[in-house]
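Report on one structure; see the data block that follows.
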Amino acid sequence: MQETSSHWGTYLVEVSADGRDVVAARPHADDPDAAPAIGNVVDAHRHRSRVARPAVRRRWLERGPGPDPRRGDVGEEYVEVDWGTALDLLARELDRVRSGFGNRAIFGGSYGWGSAGRLHHAQGQLHRFLNSIGGYTRSVNDYSRGASAVLLPHLIGPRAALDLRYRPPSWADVAEHTDLLVTFGGVRRSNTWVVPGGHARQVTPGLARAAARTTRVVSLSAQRDDADPGAEWVGVMPGTDTAVMLALVHVLVVDGLADDAFLATHAVGADEVRRYVLGETDGVPKTPEWAARISRAPAGVIRDLAHRMAAGRTLVNVVYALQRGENGEQAVFAGLTLAAFLGQVGLPGGGFAHGFGSMGDYGVGIAGPPLPTFPQGRNPVPDFIPCARIGDLLLHPGAEIPYDGGRLRLPRVRLAYWAGGNPFHHHQDLLRLRRALSTLDTFVVNETHWTPTARHADVVLPVASTLERDDVAAGAGDSRLRAVPRAVPPFGEAREEFWIYARLAERLGADFAEGLDSRQWLERIYEDWRAAPGSPPAPPFARFWRDGGVELPREPYRDPVFTAFRADPAANPLGTPSGRIELCSARLAGFDLPDVAGHARWREPTQWWRAGGEYDLHLLCNQPSHRLHSQLDMGAASRSTKVAGREPLRLHPSDAAARGLVDGDVALVRSPRGSLLAGVVVTDALLPGVARMHTGAWFDPSAPEVADCVNGNVNVLTRDVATSTLTQATSGAHVLVAVSRYDGPVPPVRAYEPPVLVR
Ligand SMILES: Nc1nc2c(c(=O)[nH]1)N[C@H]1C(S)=C(S)[C@@H](COP(=O)(O)OP(=O)(O)OC[C@H]3O[C@@H](n4cnc5c(=O)[nH]c(N)nc54)[C@H](O)[C@@H]3O)O[C@H]1N2
Ligand SMILES: Nc1nc2c(c(=O)[nH]1)N[C@H]1C(S)=C(S)[C@@H](COP(=O)(O)OP(=O)(O)OC[C@H]3O[C@@H](n4cnc5c(=O)[nH]c(N)nc54)[C@H](O)[C@@H]3O)O[C@H]1N2
Ligand SMILES: [Mo]
């Protein structure tokens, strides 16, 4: 068996006797908590949905570049061509666009996770290539915590905002010091199976269990099983946490439990917050009774919780999902405000965290050395978008959008090049996304598989997967930089992206490869890393490769977020205008935005549940347990979760009964944007009025007379509206829907069939 590395862990693969095929994949015997997603690898590797040869959409080939509403139609034919033809065509088209419209007409933002690996990192490779030919319109932030990434630097400064991601309070601190972990959104074990860049072993769940032995955990969420059975569950409706947090602050204020001394020395704006929660500024006291009406969390429970939080060492955790909603940044703002009023920010195991239960590397307690990187060069094009505004970019060229206190003009994009992402997984309102993509002259996609995104492309280039190339891998705070040797040769005519870009660059008179092949580059990035200041001792490349990797030092960080600031705020100010935690930010207030004030505020979302409304269920769209996003959705582990052959929809027994639905039924789920079919699972692990589907089922538009997606991709339902005019992030974590029985003939799922391919 040979070791390989992915975002869902480091595991072993077995190769067939002829060396061509992966026949088995299994976790390390000593892995304490291996991800089920490993079980997807074997089926997916040689699945019929793999892209075998370069392919060009026939209509684009025959008619040339240009907007086309048929992009993505189920019947679109693709012509398979040899590599020389594909690369000539694409180089000519890139040249037409850059010379005719300038490099800003090329969108290379290309959001997505791709695969683990420090050299063959899909985004890094694409960006280096596009930089070498004159640059591109880029994207910033992410779909994960895009609202926090913009908000938090205003409140705690840029450095502390980074530390809150990479050097937060650790599970060890929690186990040792925390009496009460109050977590909004739970601590989902399945989410901690994933670490960006991979990890030697999945370490968090063991740490979390150790902490659970000493720490009371209160999970506020619409799902009971967002946390381990040992946790206390307080049901709150999605998108209402800000109200609950403000009510907790209200109780601290009126019952004399707020830490006024800490607020006076370490924060600014506490007075504004006090006046707001007391109702002095808007006439609405933010009492537990007020929050209970909004969130359905009982007022007595909220009041009692505030007292318990003030009685011992308390850590407030907000999972990423809370900020992926309309006004989602307010939950992060209010969570930080609550922690500041408790006065424990900077104490071991106390204060504020934003990511326990969201990512497997969160709270591991090791920051780790820098890792090898593939240099991307310089992008001379200034234009960018926050990544979740891709639909607006393509549909409203020339428009201006507000962002982070300034304004961005959206350039007119003619060509988009996507590598390592699946917008038909990650973006919202997929029917709008289709319209947006139809405006392009040309859409280029590098893919391993015929994903729905590839099926919208004009040029599809087949790329080698992690199992088919040599790389090195490690995640942040990892214990080992691993050699990840190729296990098998590339599928069909797939090539490394390095090879593709080197040849495209040659055709365009640019230099991508600097005369080296990918193996020489692997050695170079390793040796550059080894020689860099701050790198740990490591052997020369040949020995590293023979040894299969090198151990990385595992020193716990000494100065977790806020410790030095707490000890002496004058000597160690935060990077905010005041040097303190800004609970009311003059800078934010000065932006004068309609939807973001200087302090945390409750705002009723424009999309809001109303009794008797048509869209009467709150659908949570959260991360899938048995895969990473949409990756390898055709694999055995992911398939094992499907119901009636499609993505499951969880419903509370009362909501199921009201609709005449039982386990195993097929349901039609609708929103004002679109509709899908799903397989019903009835469970009391949800609040009544709340439903749940995982993201990541492949978009299947093959039976539009029945539903816009017959496979259950939640993003046909979600809204393509921003979190706010400050942050412009995705709001896809939940959406209001109508659910009914579907009794008609159930169409087959065709999502994993390749398109019609002709030679
Ligand atoms: N409604 C809703 N939507 C969501 C979310 C939600 O909570 N709700 N979550 C959001 C979040 S947090 C995220 S991060 C996004 C994730 O969105 P994505 O990162 O876009 O999702 P993936 O399925 O990981 O897509 C990666 C794609 O890269 C391909 N790939 C893998 N390796 C390589 C490679 O080496 N080269 C190339 N060219 N391709 C490769 C895979 O086949 C796959 O199609 O989704 C977001 N979307
Ligand atoms: N197995 C697996 N793990 C993953 C991923 C994956 O695809 N598969 N994706 C990874 C990525 S890219 C990311 S960004 C992280 C995301 O990490 P998170 O954003 O934390 O993950 P989610 O599963 O979307 O949401 C966690 C829980 O939050 C709850 N929730 C949603 N909205 C609200 C709300 O408004 N209020 C409250 N109180 N609770 C709410 C939901 O019940 C949900 O189960 O996960 C990572 N981990
Ligand atoms: Mo994410």
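The values are calculated or read from the model by the stated rules, or taken from the named source; none is laboratory data. Because the structure is predicted, anything quoted here is derived from the model rather than measured. When we count neighbours, we look across all protein chains shown, and the Cβ atoms used for this are built from the backbone with ideal geometry, even at glycine. Only protein heavy atoms, including side chains, enter the accessible area calculation; ligands, DNA and RNA are left aside. Shrake-Rupley method; radii C 1.70, N 1.55, O 1.52, S 1.80 Å.
Screening the candidates TRP8, TRP60 for the property of being more than 16 Å from ligand 2 (Cβ to nearest atom) and among the aromatic types (Phe, Trp, Tyr) yields one hit, TRP60.
Is it true that GLU514 is in the same structural domain as LEU119 (by TED's automatic domain parsing) and either in contact with a strand residue (DSSP E or B) (Cβ under 9 Å, 6 or more places away or on another chain) or part of a helix (DSSP H, G or I) (or both)? So GLU514 fails the test. Would you mind stating whether LEU180 is open to solvent by less than 20 Å² (accessible area, probe 1.4 Å), closer than 29 Å to CYS621 by Cβ, away from ligand 1 (no atom under 16 Å from the Cβ) and in contact (Cβ under 8 Å) with a residue 60 or more places away in the chain? No; evaluated as a whole, the condition is false for this residue.
Yes or no, residue by residue, for (1) under 18 Å from VAL459 (Cβ atoms); (2) within 12 Å of ligand 1 (Cβ to nearest atom):
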| position | (1), (2) |
| --- | --- |
| HIS45 | no, yes |
| ARG53 | yes, no |
| ASP82 | yes, no |
| LEU90 | yes, no |
| ARG96 | yes, no |
| LEU119 | no, yes |
| GLN123 | no, yes |
| VAL150 | no, no |
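Is it the case that some residue within region 582-605 is hydroxyl-bearing (Ser, Thr, Tyr), closer than 30 Å to ALA35 by Cα and open to solvent by less than 50 Å² (accessible area, probe 1.4 Å)? No: zero hits. For region 347-375, the set of residues classified as of a type outside the set (A, V, I, L, M, F, W, C) and farther than 22 Å from ALA483 by Cα consists of PRO348, GLY349, GLY350, GLY351, HIS354, GLY355, GLY357, SER358, TYR362, GLY363, GLY365, listed by residue number. Inside region 678-731, residues that are of a type in the set (Val, Ile, Thr), within 16 Å of ligand 3 (Cβ to nearest atom) and closer than 30 Å to ARG587 by Cβ make up a count of 3.
Every residue, every condition in (1) surrounded by fewer than 21 Cβ atoms within 10 Å (Cβ to Cβ); (2) touching a strand residue (DSSP E or B) at 6+ places or on another chain (Cβ under 8 Å), yes or no:
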| residue | (1), (2) |
| --- | --- |
| GLY363 | no, yes |
| LEU395 | yes, no |
| GLY398 | yes, yes |
| VAL413 | no, yes |
| TYR417 | no, yes |
| GLN428 | no, no |
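You will find that of ARG503, ARG482, the residue that is closer than 27 Å to VAL23 by Cα and touching a residue at least 40 places away in the same chain (Cβ under 8 Å) is ARG482 and no other. Do any residues in region 136-158 that are among the small types (Gly, Ala, Ser) have Cβ atoms under 7 Å from those of residues that are open to solvent by 30 Å² or more (accessible area, probe 1.4 Å) and more than 16 Å from ligand 2 (Cβ to nearest atom), where the two are at least six apart or on different chains, and which pairs are they? Cβ pairs passing all conditions: SER139/PHE384; GLY157/GLY575.
Quick check on region 182-198: of everything there that is part of a loop (DSSP other than H, G, I, E, B) and away from ligand 3 (no atom under 16 Å from the Cβ), which residue is nearest to ALA35 (Cα to Cα)? It would help to see each step written out before you state the result.
Looking only at region 182-198, we keep the residues that are part of a loop (DSSP other than H, G, I, E, B), and these are 185-188, 194-198.
Filter again for away from ligand 3 (no atom under 16 Å from the Cβ), leaving 186-187.
Working: GLY186: 19, VAL187: 16 Å.
Among them, the one singled out is VAL187.
Conditions (1) without any contact (Cβ under 8 Å) to a residue 12 or more places away in the chain; (2) part of a loop (DSSP other than H, G, I, E, B); (3) open to solvent by less than 60 Å² (accessible area, probe 1.4 Å); (4) over 21 Å from GLY335 (Cβ atoms), marked per residue:
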position	(1), (2), (3), (4)
SER535	no, yes, yes, yes
PRO539	yes, yes, yes, yes
PHE565	no, no, yes, no
ALA570	yes, yes, no, yes
LEU574	no, yes, yes, no
SER578	no, yes, yes, no
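Only a single criterion out of (1) open to solvent by less than 70 Å² (accessible area, probe 1.4 Å); (2) among the charged types (D, E, K, R); (3) in contact with a Leu (Cβ under 6 Å, 6 or more places away or on another chain) is not satisfied by ARG503, namely (1).
Being in the same structural domain as ALA222 (by TED's automatic domain parsing), on the phi < 0 side of the Ramachandran plot, among the hydrophobic types (A, V, I, L, M, F, W, C) and surrounded by fewer than 24 Cβ atoms within 10 Å (Cβ to Cβ): is that true of VAL273 here? When the stated conditions are applied, VAL273 does not pass them. In the condition set (1) hydrophobic (A, V, I, L, M, F, W, C); (2) more than 16 Å from ligand 3 (Cβ to nearest atom); (3) out of contact with any Asp or Glu (no Cβ under 7 Å at 6 or more places or on another chain), LEU119 is compliant with all but (3).
Inside region 430-451, residues that are near ligand 1 (Cβ under 10 Å from one of its atoms) and open to solvent by 10 Å² or more (accessible area, probe 1.4 Å) make up a count of 3.
Against the test of being modelled with pLDDT of 95 or more and under 29 Å from the mean Cα position of the chain (by Cα), the options SER16, SER99, SER115 yield a single qualifying residue, SER115. Region 252-349 holds helices (runs of 4 or more DSSP H) entirely within its bounds, and those carrying 2 or more residues that are closer than 25 Å to ASN191 by Cα map to 329-342. Evaluated against (1) open to solvent by less than 20 Å² (accessible area, probe 1.4 Å); (2) within 22 Å of the chain's Cα centre (by Cα), TYR403 falls short on exactly one condition, (1).
Scanning region 293-324 for residues that are surrounded by fewer than 24 Cβ atoms within 10 Å (Cβ to Cβ) and either of a type in the set (D, E, K, R) or within 16 Å of ligand 1 (Cβ to nearest atom) (or both) yields a count of 6. Cβ-Cβ contacts under 7 Å between residues 6 or more apart (or on different chains), taken from a first residue in region 342-360 that is closer than 22 Å to ALA306 by Cβ and open to solvent by less than 10 Å² (accessible area, probe 1.4 Å) to a second residue that is of a type in the set (Phe, Trp, Tyr) and within 16 Å of ligand 2 (Cβ to nearest atom), are listed as VAL345/PHE352; PHE356/TYR362.
Exactly one residue among PHE129, PHE101 is away from ligand 3 (no atom under 16 Å from the Cβ), out of contact with any Gly (no Cβ under 7 Å at 6 or more places or on another chain) and more than 27 Å from ILE525 (Cβ to Cβ), and that residue is PHE101. Here TRP171 fulfils each of the conditions (1) closer than 30 Å to ASP228 by Cα; (2) aromatic (Phe, Trp, Tyr); (3) open to solvent by 20 Å² or more (accessible area, probe 1.4 Å) apart from (3).
Quick check: anything in region 380-387 assigned to a loop (DSSP other than H, G, I, E, B) and at positive phi? Working first, answer last.
Here is the first cut: in region 380-387, the ones assigned to a loop (DSSP other than H, G, I, E, B) are 380-383.
Add one more test, that the residue is at positive phi, and what stays is none.
No, that holds for no residue.
For region 216-241, filtered to residues that are open to solvent by 10 Å² or more (accessible area, probe 1.4 Å) and β-branched (Val, Ile, Thr), the residue that is farthest from TRP608 (Cα to Cα) is VAL217. Figure legend. Inter-residue proximity from region 611-638: first residues within 16 Å of ligand 3 (Cβ to nearest atom), second residues among the basic types (Lys, Arg), beta-carbon distance below 6 Å, spacing 6+ or different chains. Indicated pairs: LEU620/ARG692. For region 137-148, the set of residues classified as buried (at least 24 other Cβ atoms within 10 Å of the Cβ), at negative phi and more than 8 Å from ligand 3 (Cβ to nearest atom) consists of THR137, GLY146, ALA147, SER148, listed by residue number.
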